[in-house]
Every structure is written in C-alpha cells, then in structure tokens.
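The values are calculated or read from the model by the stated rules, or taken from the named source; none is laboratory data. A quick note: this is a predicted structure, and the numbers were derived from the prediction, not measured. Here the Cβ positions follow ideal geometry from the backbone for every residue, glycine too, while neighbour counts run over all protein chains shown.
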Amino acid sequence: MKPPDQGETNRSAPMIACHNITFRYPGSETPLFEGLDLKIDTPGFHALFGPSGVGKTTLAKIISGDITASAGQVSIETPLPCLYTFNRERLPGWSSVGRHLAKTTPPGRETLRDALVDRFGLATLMGLRFSQLSMGQCNRVNLLRYLLQDFSILIMDESLANVDEPTRQDILYQIKARFPERVFLYISHNVVEVARFCDRIIVCRGAHQKPQVQLIPGQDHRADRPLDKNAMERAMLEIMNAA
C-alpha cells in the first residue's frame with residue numbers, strides 16, 4: 001500500500017495502556033514508579049510533564065520498549081510502530097543533511113520531506129554536514145527524519161530543545177495539521193508550551209505521591225483556532241499545582 005503523501009492516515013487510533021507498572025533502578029532502595037496506571041486512547045499531543053528526576057524519560061522508554069519495567073504490563077495496540085526520538089540524538093557528523101535525508105526517506109515520502117524541510121526552516125542547511133550545525137538545527141533534522149517513517153506513536157523527548165520559540169511553534173502547528181490521527185507523547189519542561197499545544201498533560205509526581213500521575217486538560221491549540229488565554233492560564237496553574 002502506498003504511504004499517504006501528507007502523513008495522514010485513516011487507521012483507527014492506537015492505544016497505550018500501562019497497568020501496575022513498577023520500576024526500580026539497580027542499586028536504588030526506592031522505586032521510581034510503584035503500581036502506576038496510565039491510559040492514552042485518543043490521537044493528538046499528550047505531554048509528560050514534571051520536575052527533573054520524577055521519571056518522565058524512564059516512563060517514555062518503558063512505553064517504547066527501550067527498557068523493561070520491574071513489574072506490571074504495557075499494552076500498545078497500534079497498526080504501526082512506536083518510535084522514540086530525543087534531544088542530542090547522535091547523527092552522522094561527516095554526512096551532509098541533504099544526503100542523509102535522501103538515504104533515510106522511505107519511497108513515496110519525498111514530497112512530504114521537501115515540504116517539512118521548508119516549514120522546519122532547513123532548506124539552507126541541505127549542503128552542510130551535521131558537524132556544522134547547531135544543536136537546535138540537529139534536533140529539527142532529527143525530528144523530521146522520524147516524521148517520515150511509519151509510526152502510530154512518536155515519543156518526542158525534548159526533541160525541540162534549543163529551537164527558538166517561533167520556529168518551535170510553527171513546527172508543532174505543522175505536525176498537528178499533517179498527522180491528526182497519530183499519537184504524540186511530548187516531553188518538555190515548558191509549562192506554557194504543554195498547556196497550549198497538548199490535549200492532555202500527564203503530570204508525573206514520583207512513587208511516594210498518590211496518584212503518581214495526574215491528567216490535566218490542555219488547550220490543543222492549532223493555527224486555525226483562536227487561543228483562549230484565560231483557559232490556558234487556568235491550565236498552567238493546574239499543571240504547576242499538580243507538579
């Protein structure tokens with residue numbers, strides 16, 4: 001079957017269910033998670049938010065299958081893979097951006113690639129090597145190459161770190177418009193950003209607090225919709241209080 005040119009899909013929405021998850025790092029006396037339950041059953045942007053050390057990245061890696069929980073079960077019902085992308089992901093420093101994207105773009109996705117290169121502000125970088133790019137530029141290229149792959153769920157772990165705010169906002173608008181039926185799990189320390197762009201914010205609180213995760217509604221803001229600033233401020237206060 002030919003892949004959709006604009007990244008959209010008519011497939012049913014995937015679901016993530018974490019049941020009774022316990023995780024303890026080797027040598028640690030206290031678990032990072034204990035009996036944690038979490039379910040995501042709608043497409044769109046969902047944030048993992050919380051202070052450093054509460055386990056956002058660990059939970060993301062448990063969901064993606066990169067690490068295994070000490071106890072409990074993760075169920076992912078998806079027609080396509082769950083992918084995980086993160087800040088400072090290693091890229092081939094000797095390769096040019098254009099050459100690398102040409103090699104990693106699946107057949108039939110060239111039009112989508114070229115459109116995203118333009119909207120991500122990367123057109124002038126195609127002839128440069130990765131070693132010549134800033135960290136923010138590398139992160140944009142890295143995220144773009146993941147968006148070209150087959151996925152039902154994409155975990156974005158600080159994937160837009162070191163990217164200026166206007167560019168980051170436009171990228172989020174583009175992703176929302178082009179991939180409405182995919183699930184994005186977005187990790188960021190920016191409370192304004194997660195309140196504005198995410199449908200739900202999963203606030204991580206640590207194993208000693210019950211509940212260990214708390215779900216807060218966000219604004220799910222898109223370029224074609226007016227922003228309710230009062231509602232966003234209320235969401236921000238609720239997020240900070242939960243954290």
Does Q209 satisfy the criteria of being in a loop (DSSP other than H, G, I, E, B), surrounded by fewer than 22 Cβ atoms within 10 Å (Cβ to Cβ) and within 15 Å of the chain's Cα centre (by Cα)?
no
Considering only residues that are closer than 30 Å to S75 by Cβ, out of contact with any Pro (no Cβ under 8 Å at 6 or more places or on another chain) and of a type in the set (F, W, Y), which ones fall in the stretch 102-155?
Y146
Determine if the stretch 11-28 includes at least one residue that is modelled with pLDDT under 95, surrounded by 15 or more Cβ atoms within 10 Å (Cβ to Cβ), assigned to a loop (DSSP other than H, G, I, E, B) and touching a helix residue (DSSP H, G or I) at 6+ places or on another chain (Cβ under 7 Å).
no
Could you list, in sequence order, the residues of the stretch 59-101 that are touching a His at 6+ places or on another chain (Cβ under 9 Å) and either surrounded by 15 or more Cβ atoms within 10 Å (Cβ to Cβ) or within 21 Å of V141 (Cβ to Cβ) (or both)?
G72, V74, L91, P92
Considering only the stretch 109-131, how many residues are exposed (fewer than 14 other Cβ atoms within 10 Å of the Cβ), modelled with pLDDT of 95 or more and part of a helix (DSSP H, G or I)?
5
Please list, ordered by first then second residue, the pairs with beta carbon atoms under 7 Å, 6 or more apart or interchain, first in the stretch 100-114 and in contact (Cβ under 8 Å) with a residue 24 or more places away in the chain, second loosely packed, with under 12 Cβ neighbours inside 10 Å and basic (K, R).
G108/K2
